[in-house]
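The values are calculated or read from the model by the stated rules, or taken from the named source; none is laboratory data. Computed from a predicted structure; not experimentally measured. Every residue, glycine as well, gets a Cβ built from its backbone with ideal geometry; the counts of neighbours run over all protein chains shown. When the accessible area is computed, the model is the full protein with side chains, heavy atoms only, and any ligands, DNA or RNA have been set aside. Shrake-Rupley method; radii C 1.70, N 1.55, O 1.52, S 1.80 Å.
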Amino acid sequence: MLLGCIGDDFTGSSDLANTLSKQGMRVTQFSGVPTTGAAPSVEAGVVALKSRSIPAKEAVAQSLQALEWLKAQGCTQFLFKYCSTFDSTPEGNIGPVAEALAEALDARKVVVCPAFPGAGRTIYQGHLFVHDRLLNESGMEHHPLNPMTDADIGRWLARQTAMPIGHVRFPEVRSGAAAIAEALAHADAKGARLIVVDALSDADLMEIGTALDGATLLTGGSGIAMGLPANFRRQGLLSGEGSTWQGVEGTCVVLSGSCSTATRGQVGRHRDAGLPALEITAEDAVSGRLDPQAIAGWAMAQAGRPLVFSSADPAQVRAAQEAYGREKVAAAIEHAFADIARALVAAGIGRLVVAGGETSGAVVEGLGLTALEIGPEIAPGAPALRSTPPGGRPVALALKSGNFGGPDFFAEADAILRGN
Ligand SMILES: Nc1ncnc2c1ncn2[C@@H]1O[C@H](COP(=O)(O)OP(=O)(O)O)[C@@H](O)[C@H]1O
Ligand SMILES: O=C(O)[C@@H](O)C(=O)COP(=O)(O)O
């Protein structure tokens, strides 16, 4: 294994795996830190953690454990993947994890670059934009777990870590790899350890990638990985073999625990089309009144592509959090989706589309999936996946980040997961 990646959630990890796979690396996504070694054919390994919204100390411990495993697989370069909307709270976990990895690897000039231009996330003057809005006006200020109320990445990061923070500005980035390398060295000489780097386009990210050839540690969204496979290819280290992913026939069910704007649009499109849909309310989940077996039974009996969703608008989410507490509602709903997914797999489901990063993490962990094979791209940042639950049949999956995908994502995912 050449490149060792640590993802702070499951959809984000599949987004990264997709980027690396599209750039020609053989990638496997692991759920949690594996207990055995990786296959020798794996060129990039993505260890998907569910560490985005847990206490910072635990996120650091899990990330360091993942780092040790990746080091043992022979990796020479390490990437910490977080959300392109920099999802975190003033306590963490991006700063504490980046700091701990930098210390463990004795890494300097650690780039911080959540840009993902393909999904509208760009960084200019150190500020993160989602399309034409600053992050804190993009809808992310209403996120159920990590409301993003500041678009200044360096300032947000400085709340999370005492490690000195620097900035490489857009004019240097646009001047290309050599200028970027020089600007990073300059920031390093001034004592910066974590360095926010502006980026507006994929071309910028390719140049940043070239500048990072040989860098021990980098951090960012999936975009920061775009230029890395070319570095390994130049050194003759890639096999050039493609993916062997295959689709799966059978029933397709969509589970949506994401309350993000794009997902709510997808849920709306599904319902407007008159397709079967069943809502789980926060109250149902917290009260323990839900019957996962019955919900799975309902889904299996539907024609079409049934949807089970808890996706709700910001006012409903706020009301539920005020009534029961943020963590309690989130845990109850995630738990419910994991139980429903288990019942669906036991009933012989073929394809599962999951919307929401935390929700996807809960489902993948609930199903006991340890390694996911990366298939074709469904939408930017969302690849088809395939895995076999312990003792079960193969399942094709899509793990969709809340804000990814167009309005018809559920239908598009269903078709691609079938192998069409
Ligand atoms: N109706 C709801 N009320 C409150 N919280 C909810 C509701 N539905 C889902 N949640 C919680 O909101 C969080 C959404 O996060 P996530 O699944 O990562 O979605 P996204 O990818 O959009 O961020 C989850 O923890 C989920 O359990
Ligand atoms: O970088 C991104 O935007 C995604 O890869 C990602 O991490 C999404 O997280 P969720 O929105 O919580 O699914």
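Couple of notes before you dig in:
- Exactly one residue out of Gly348, Gly325, Gly304, Gly368 is closer than 18 Å to Ser13 by Cβ and assigned by TED's automatic domain parsing to the domain that holds Val267: that is Gly368.
- Residues in region 357-368 that are among the charged types (D, E, K, R) and either under 16 Å from Ser401 (Cα atoms) or buried (at least 22 other Cβ atoms within 10 Å of the Cβ) (or both): Glu358 only.
- Of all positions in region 244-265, none carries a residue that is part of a loop (DSSP other than H, G, I, E, B), modelled with pLDDT of 95 or more and touching a Cys at 6+ places or on another chain (Cβ under 7 Å).
- For region 369-389, taking the residues that are over 14 Å from the mean Cα position of the chain (by Cα) and closer than 18 Å to Gly348 by Cα, the one that is most open to solvent (accessible area, probe 1.4 Å) is identified as Thr388.
- Test: Val317 is under 15 Å from His142 (Cα atoms) and touching a residue at least 40 places away in the same chain (Cβ under 8 Å): yes
- Subset of region 6-24 (residues that are more than 19 Å from Lys400 (Cβ to Cβ) and open to solvent by less than 10 Å² (accessible area, probe 1.4 Å)): Ile6
- Restricting attention to region 1-38 and to residues that are in a loop (DSSP other than H, G, I, E, B) and within 16 Å of ligand 1 (Cβ to nearest atom), the residue that is modelled with the highest pLDDT turns out to be Asp8.
- Criterion (within 24 Å of the chain's Cα centre (by Cα), of a type in the set (Lys, Arg) and over 30 Å from Glu43 (Cα atoms)) met by exactly one of Arg342, Arg289: Arg342
- Among the residues of this structure, Val354 counts as one that is open to solvent by less than 10 Å² (accessible area, probe 1.4 Å), within 21 Å of Ala262 (Cβ to Cβ) and within 15 Å of ligand 2 (Cβ to nearest atom).
- Candidate set from region 341-351 (those that are small (Gly, Ala, Ser) and open to solvent by less than 20 Å² (accessible area, probe 1.4 Å)); member that is farthest from ligand 1 (Cβ to nearest atom): Gly350
- Of residues in region 292-307 being among the aliphatic types (A, V, I, L, M) and at pLDDT 95 or above, the one nearest to Ala355 (Cα to Cα): Leu307
- Residue check: Gly366 meets all listed conditions (1) more than 10 Å from ligand 1 (Cβ to nearest atom); (2) in a helix (DSSP H, G or I); (3) under 17 Å from Gly265 (Cα atoms) but one, namely (3).
- Flag if Ala185 is out of contact with any Gly (no Cβ under 6 Å at 6 or more places or on another chain), open to solvent by less than 50 Å² (accessible area, probe 1.4 Å), assigned by TED's automatic domain parsing to the domain that holds Asp15 and in contact (Cβ under 8 Å) with a residue 40 or more places away in the chain: yes
- Close pairs from region 14-30: first more than 10 Å from Ala48 (Cα to Cα), partner in a loop (DSSP other than H, G, I, E, B) and within 16 Å of ligand 1 (Cβ to nearest atom), Cβ under 6 Å, at least 6 apart: Asp15/Gly381
- Members of region 305-340 that are aromatic (Phe, Trp, Tyr) and open to solvent by 40 Å² or more (accessible area, probe 1.4 Å): Tyr324
- Candidates Leu135, Leu105, filtered to the one that is away from ligand 2 (no atom under 16 Å from the Cβ), touching a residue at least 40 places away in the same chain (Cβ under 8 Å) and either in contact with a strand residue (DSSP E or B) (Cβ under 6 Å, 6 or more places away or on another chain) or outside the structural domain of Lys50 (by TED's automatic domain parsing) (or both): Leu105
- Residue count for region 66-78 under the criterion of being farther than 20 Å from Phe232 by Cα and more than 19 Å from the chain's Cα centre (by Cα): the result is 2.
- Single match in Ser41, Ser84, Ser53 (criterion: open to solvent by 50 Å² or more (accessible area, probe 1.4 Å), within 16 Å of ligand 1 (Cβ to nearest atom) and either assigned to a loop (DSSP other than H, G, I, E, B) or modelled with pLDDT of 95 or more (or both)): Ser53
- The residue that is farthest from Leu212 (Cα to Cα), among those in region 103-149 that are among the small types (Gly, Ala, Ser) and out of contact with any Leu (no Cβ under 8 Å at 6 or more places or on another chain), is Gly139.
- Within region 390-410, the set of residues being open to solvent by 40 Å² or more (accessible area, probe 1.4 Å) and more than 16 Å from ligand 2 (Cβ to nearest atom) comprises Pro390, Gly391, Arg393, Pro394, Pro407, Asp408.
- Set Ile195, Ile165, Ile224: member being outside the structural domain of Arg386 (by TED's automatic domain parsing), open to solvent by 10 Å² or more (accessible area, probe 1.4 Å), among the β-branched types (Val, Ile, Thr) and modelled with pLDDT of 95 or more: Ile165
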